[in-house]
Number of protein chains: 2
Amino acid sequence: MPDPIDTNPQALAEAVRAGDRRALARAITLIESTRADHRASADALLAALLPHTGQSVRLGISGVPGVGKSTFIEAFGLHVIGLGHKVAVLAVDPSSQRTGGSILGDKTRMVDLSREANAFIRPSPAGATLGGVARRTREAMLICEAAGFDVILVETVGVGQSETAVADMVDLFMLLLLPAGGDELQGIKKGIVELADLVVVNKADGDLTATARHTVADYRHALMLLRHGDWRVPVLSCSAVHKIGVDEVWATIGAHRELTEANGQRDRRRAEQARAWLWSEIRETLIDRFRAHPAVRADLARLEDAVTQGAVIPTTAARALLGQFLGDAPPV
Amino acid sequence: MPDPIDTNPQALAEAVRAGDRRALARAITLIESTRADHRASADALLAALLPHTGQSVRLGISGVPGVGKSTFIEAFGLHVIGLGHKVAVLAVDPSSQRTGGSILGDKTRMVDLSREANAFIRPSPAGATLGGVARRTREAMLICEAAGFDVILVETVGVGQSETAVADMVDLFMLLLLPAGGDELQGIKKGIVELADLVVVNKADGDLTATARHTVADYRHALMLLRHGDWRVPVLSCSAVHKIGVDEVWATIGAHRELTEANGQRDRRRAEQARAWLWSEIRETLIDRFRAHPAVRADLARLEDAVTQGAVIPTTAARALLGQFLGDAPPV
């Protein structure tokens, strides 16, 4: 059997565009590879596909374990496919932070959706840092767009730093909440609610119906006070397991798209995201190289400890380490 | 007249510790200098002072122009001095972002406070980037501590990115609000309320008394929902111009200090701040060097434009620029 990703990038690009699902999977495996020759092919592949990207609705979705995220994505994906769309689901979660649900495998979590011809589900790549996963997901999103998927869902767990990365790559960031009082009780990290363009209280059914209604009212009130820009962050409720309210979520996403396309905000957000992506690539690579430098590796732990214990000023420690890396300053 | 900062660092450190105000001002001028030989002296000075730092209450204070920040700081500073403390006021605002109030000069804004023997007011250094200002302010804070100031106020305007920098260098970050409805109306940027450990609605007097009460209730409700950790962010009101409620602000700061000293949170926050400061120094220096590289300077604008217009993938552009800087990749 030949190397599954040892393919002419132009030929692969054409197969992706023609809707060949094996080519799509192979293209994503190619951009996930860390081999230098693969990276050159990946660049060529992405350059060939780039003119055919950008037409999808890019959605981020986050929520703590237990909020019913897989159930929601399945109900939402099936609803949207029923309206004639093609849905791709990508995951952003560094392997070290993965929770029970994800370990079972993304496809196991969404049995009905994974059987759909117009759905494509791609688990998070294993063994990568957040920066690496975010880059691959951004590139995978472009490949899915070139393959004709017009709704892309990027999912993440609402407990860490990956939410910012996801909000920085989508047109609309959606946060799923439990019917319960307050961020802390729900296990949502500080600052994540503020990233949301849309808040959805799930499990609004049965005994939790009244609690869900209170949660909606509370968050509506809080977000009205903290809101910014033309878009008033809506707080909706739904019951993904009973497929109630999912249509309203999709309608609200449509309203957001209409508004932000009309006022130019979507294009500005995407241009800003591209610029931020460029700089995050640059920063991360520089830091990786810095950390990998032999003299830095030898001294970093000691100086980091000295700094946190207040024995050395951070500026002094930084100058010493940078001197080793850049070759022009004295040791501490 | 000799170079005012051409001084033996050890002698300068001793004069600072002895309470010599001219030595204090000279020490801060030294750490603000960008000359390489000054930087070496500054490092020696800071190393000598470091064992005598850390005992102050480090407070950040932010609020949009018009909220009455100078009036508040003056009333607050005089109150705290009246209780026997020594107060230093430092500013963090890159010169490019300075507003009318600051241009008049910080001392002009706080006439009574600036006359106090136990007050020290230092305007923001001119012509520096946010990273530069933040570094100098952190270092100035240490110098003020070594000089015996036990309450340090770091002020910033609540409209930009400097709030995060300030929240990252203090024990408690205080946000002043106007009696008015919502962040957007007040001109507060997204995410700044969430940085606050304490919210104070100023101008709670005269015709605005009732509005202030509503604003307190609204923010109390919103912050209760979004709160995290052991500390429930208090929302107080005051009238700085009438010196009403300033004592309660100080009492609340004392309660915060007691709690966070007892549960270890203050020490953890300071250790984490020192580590973050180290990494921000490293990141900023690496990016500065990258930007200053001749080949990067020649190509950066073109590639940044191509990236924001969607003509080149950010990863590809980053690799091309990094290759020029690090010497190992092909041009785009």
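The values are calculated or read from the model by the stated rules, or taken from the named source; none is laboratory data. A quick note: this is a predicted structure, and the numbers were derived from the prediction, not measured. Every residue, glycine among them, receives a Cβ derived from its backbone with ideal geometry; neighbour counts consider all protein chains shown. Keep in mind that these areas ignore ligands, DNA and RNA; they rest on the heavy atoms of the full protein, side chains included. Shrake-Rupley method; radii C 1.70, N 1.55, O 1.52, S 1.80 Å.
Would you mind giving the total buried accessible surface between chains B and A, with a 1.4 Å probe and ligands, DNA and RNA left out, rounded to the nearest 100 Å²? Adding both sides of the contact gives about 5600 Å². Which part of segment B:125-156 falls in the paramagnetic zone of B:K189, meaning amide N under 19 Å from the point 7 Å along Cα-to-beta-carbon? Counting backbone N atoms under 19 Å from the label point, the list is B:125-138, B:154-156.
Please report the orientation-averaged projected area of segment A:276-326, defined via the convex hull of its C-alpha atoms, in nm². Show your work: numbers first, answer last.
On the way: hull surface 15.4 nm².
Result: 3.8 nm².
Relative intensity of segment A:30-71 on a log10 scale, I(q)/I(0) at q = 0.27 Å⁻¹, equals -0.87, per a Debye sum over C-alpha point scatterers of equal strength in the absence of solvent.
If you count the DSSP beta bridges with both ends in the protein assembly as shown, what percent of them are antiparallel, to the nearest 5? Bridges in the protein assembly as shown are about 5 percent antiparallel. With all pairs of different C-alpha atoms in the average, the Kirkwood value for the hydrodynamic radius of the protein assembly as shown is 27.2 Å.
Value of Rg to Rh for segment B:53-263, rounded to two decimals, is 0.93; Kirkwood radius and Rg both from alpha-carbon coordinates.
Within the straight-line cut-off of under 26 Å between alpha carbons, the lysines reachable from B:K69 are B:K86, B:K107, B:K189, B:K190, B:K203, B:K243, sequence neighbours fewer than 8 places apart in one chain being disregarded.
For segment A:1-52, the mean projected area of the C-alpha convex hull, equal to one quarter of the hull surface, is 3.3 nm².
Give me the net charge of A:T308's neighbourhood, meaning all other residues with Cβ under 13 Å from the Cβ of A:T308; Lys, Arg count +1, Asp, Glu -1. Charge balance near A:T308 sits at +1.
Modelled label positions at A:R257 and A:D20, each set 7 Å beyond Cα in the direction of Cβ, lie 2.9 nm from each other.
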